[in-house]
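Participant: Below is the structure I would like to discuss, written out as structure tokens.
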Ligand SMILES: NC(=O)c1ccc[n+]([C@@H]2O[C@H](COP(=O)([O-])OP(=O)(O)OC[C@H]3O[C@@H](n4cnc5c(N)ncnc54)[C@H](O)[C@@H]3O)[C@@H](O)[C@H]2O)c1
């Protein structure tokens, strides 16, 4: 997998206590990496991080990404060869309640990671995770390309556009030599173990576990939903290519890449809830008509992933139904257990899903499985 790039490597993941960071750290452990994580705390209760007891398997460092000295100290201590930067204030709704904190965390946090990368002599590759929301959303029907305008209306989206601009300034100004760097702009991610506020699948899982209807705001809103392992496979493959690009025609250094669902297909919120209901008995939804008041949230957002396909030969593995099945199965295991027995630590289930996903990708001959 991933040209064996991570076996024995020292890999630093910021935001390792979060939804995507905890899956990425678990996958890196499976790939034989030595993993260090940096985050300010555990963002939710429950959490994927705690459910799989991840803290017991890696160097678990707590600090604020806005604190440059603390981050420098952590990176000096761990001496990573690869950094994946995911730590962020990642919620659109919270960004309206706490705009300054969102900009500071997402812009200054990215700046601090780049400064630490500039100083680090051990670092070989840096992958910065921003978002598909970094694009100015024109509500158009076409997929956004990496050359489209940056800058969203809400503070979260704008902060991710700012992070992109900062990163590409550093790439051009300081990283022509030294660590190989790139940014990634993935679409909306779903999967087991997310309990963030105001995200469709966590809201549904919470409601289902409490035998209440899930309250949804915009049933017809479409997003490039994908299983958490899909963009992570893109980040890991990009990291591997930044470490060693021999024999490949395109150089990913200094580039930005979209990672989105197979065939660019977007689904609606209603399709997500209807599909979850196939796997969760007695799951129901209710409409919240007042919930959108005062907030601008785009309804149409598509990603064009031709650049990732051409440069990296990367594409998504799963179809929508498979994505929902992985997601629903994970929450069912967490809440109900396997075979009626509730597991205390579901690391094995998480690793089993990663193995199943690797197998599905290998059967479909995806390049990173070689
Ligand atoms: N979840 C999605 O659908 C999605 C889609 C596109 C991009 N992203 C991006 O992927 C990354 C991870 O998203 P997620 O869904 O796992 O988010 P999350 O909220 O689950 O996790 C965020 C992580 O960042 C850490 N963090 C937050 N503020 C911090 C601070 N000030 N100092 C140190 N650590 C801090 C948290 O502790 C946590 O570990 C983010 O950069 C997000 O913007 C997420």
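The values are calculated or read from the model by the stated rules, or taken from the named source; none is laboratory data. This structure is a prediction, so every number in the text was calculated from the model and none was measured. When we count neighbours, we look across all protein chains shown, and the Cβ atoms used for this are built from the backbone with ideal geometry, even at glycine.
Listed here are the residues, each with its yes/no results for (1) outside any strand (DSSP E or B); (2) closer than 25 Å to residue 123 by Cβ; (3) more than 16 Å from the ligand (Cβ to nearest atom).
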| site | (1), (2), (3) |
| --- | --- |
| 192 | yes, no, no |
| 197 | yes, no, no |
| 205 | yes, no, no |
| 212 | yes, no, yes |
| 232 | yes, yes, no |
| 242 | yes, yes, yes |
| 249 | yes, no, yes |
| 254 | yes, yes, yes |
| 257 | no, yes, no |
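Participant: Moving on to the next point. Can you tell me which residues in the stretch 185-243 are within 14 Å of the chain's Cα centre (by Cα) and at positive phi?
Facilitator: Across the stretch 185-243, the qualifying residues are 191, 193.
Participant: Name the residues in the stretch 134-147 that are under 16 Å from residue 305 (Cβ atoms), surrounded by fewer than 24 Cβ atoms within 10 Å (Cβ to Cβ) and within 16 Å of the ligand (Cβ to nearest atom), would you?
Facilitator: Hits for the stretch 134-147 are 143, 146.
Participant: Specify the residue that is surrounded by the fewest Cβ atoms within 10 Å (Cβ to Cβ); the eligible residues are those in the stretch 37-46 that are assigned to a loop (DSSP other than H, G, I, E, B) and either near the ligand (Cβ under 8 Å from one of its atoms) or at pLDDT below 95 (or both).
Facilitator: Among those residues, the one meeting the criterion is 41.
Participant: Tell me which residues, restricted to the stretch 13-36, are part of a loop (DSSP other than H, G, I, E, B) and more than 8 Å from the ligand (Cβ to nearest atom).
Facilitator: 31, 32, 33
Participant: Which members of the stretch 89-102 meet the condition of being surrounded by fewer than 17 Cβ atoms within 10 Å (Cβ to Cβ) and either part of a helix (DSSP H, G or I) or more than 14 Å from the ligand (Cβ to nearest atom) (or both)?
Facilitator: 93, 96, 97, 99, 100, 101
Participant: Let me ask something else about it. Against the condition modelled with pLDDT under 95, within 13 Å of the ligand (Cβ to nearest atom) and farther than 27 Å from residue 173 by Cβ, how does residue 217 come out, does it pass?
Facilitator: Numbers: modelled with pLDDT under 95: yes; within 13 Å of the ligand (Cβ to nearest atom): no; farther than 27 Å from residue 173 by Cβ: yes.
No, not satisfied.
Participant: Given the criteria in contact (Cβ under 8 Å) with a residue 40 or more places away in the chain and surrounded by 24 or more Cβ atoms within 10 Å (Cβ to Cβ), does residue 129 qualify?
Facilitator: yes
Participant: Follow-up. Quick one: residue 165 ticks every box in (1) surrounded by fewer than 22 Cβ atoms within 10 Å (Cβ to Cβ); (2) within 15 Å of the chain's Cα centre (by Cα); (3) not in a loop (DSSP other than H, G, I, E, B) bar one, so which box is it?
Facilitator: (2)
Participant: Mind checking which pairs have a first residue in the stretch 183-200 that is over 12 Å from residue 261 (Cα atoms) and a second that is near the ligand (Cβ under 7 Å from one of its atoms) and assigned to a strand (DSSP E or B), Cβ under 6 Å, 6 or more apart or different chains?
Facilitator: Qualifying pairs under 6 Å: 184/129.
Participant: Condition first: surrounded by 23 or more Cβ atoms within 10 Å (Cβ to Cβ), within 14 Å of the ligand (Cβ to nearest atom) and part of a loop (DSSP other than H, G, I, E, B). Now tell me which residues in the stretch 53-88 satisfy that.
Facilitator: The answer is 65, 86, 87, 88.
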